[in-house]
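The values are calculated or read from the model by the stated rules, or taken from the named source; none is laboratory data. Computed from a predicted structure; not experimentally measured. Glycine gets a Cβ as well: all are built from the backbone with ideal geometry, and neighbour counts include every protein chain shown. When the accessible area is computed, the model is the full protein with side chains, heavy atoms only, and any ligands, DNA or RNA have been set aside. Shrake-Rupley method; radii C 1.70, N 1.55, O 1.52, S 1.80 Å.
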Amino acid sequence: MPLRLGGVRSPEEKEADFFAACFLMPAKLVIDRFKKQFLCGDKLYFDDTVAYHVDANNIESLKDATADSLERELGLARCQRFNGVRIISLAEQFGVSDSAMALRLKELGLVRWP
């Protein structure tokens, strides 16, 4: 089942989560590393080629993901090989879970949706 945004949480929990995300994954640093790691400008356009490089075993699922899912962001958060080069996943670089990094990538709007 794909990871989805939402869920019922108190405003205090949401605020604490946002603070933790900003503290552990500063926007400027995440954006800089994301752009270097995925060789993109302001946003990564997710096409067939990018889907292949992110997860060659999951191309269709990544391409067909909906904007309210975290499927593409999750793939990018845990990606360990891109464009034929071995990389350290963003989640590992920042010492956070794949889902925490995926949420941060979504918050920062780094993936371009059609």
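Listed values, structure above:
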{"quantity": "Residues within region 56-114 that are aliphatic (A, V, I, L, M) and assigned to a helix (DSSP H, G or I), tallied", "calculated": "12"}
{"quantity": "From 46, 38, residue being at pLDDT below 90 and closer than 13 Å to residue 110 by Cβ", "calculated": "46"}
{"quantity": "Any hit, region 54-62, residues being at pLDDT 90 or above, more than 19 Å from residue 91 (Cβ to Cβ) and of a type in the set (D, E, K, R)", "calculated": "yes"}
{"quantity": "Qualifying residue in region 9-29 (condition: surrounded by 11 or more Cβ atoms within 10 Å (Cβ to Cβ), at pLDDT 90 or above and within 13 Å of the chain's Cα centre (by Cα))", "calculated": "yes"}
{"quantity": "Residues of region 56-85 that turn out to be out of contact with any strand residue (DSSP E or B) (no Cβ under 8 Å at 6 or more places or on another chain), open to solvent by 20 Å² or more (accessible area, probe 1.4 Å) and closer than 22 Å to residue 31 by Cβ, as a count", "calculated": "7"}
{"quantity": "Breaking point among (1) touching a helix residue (DSSP H, G or I) at 6+ places or on another chain (Cβ under 8 Å); (2) in a loop (DSSP other than H, G, I, E, B); (3) of a type outside the set (S, T, N, Q); (4) open to solvent by 40 Å² or more (accessible area, probe 1.4 Å), for residue 52", "calculated": "(2)"}
{"quantity": "Test: residue in region 64-75 that is closer than 16 Å to residue 32 by Cβ and either of a type in the set (Phe, Trp, Tyr) or under 11 Å from the mean Cα position of the chain (by Cα) (or both)", "calculated": "no"}
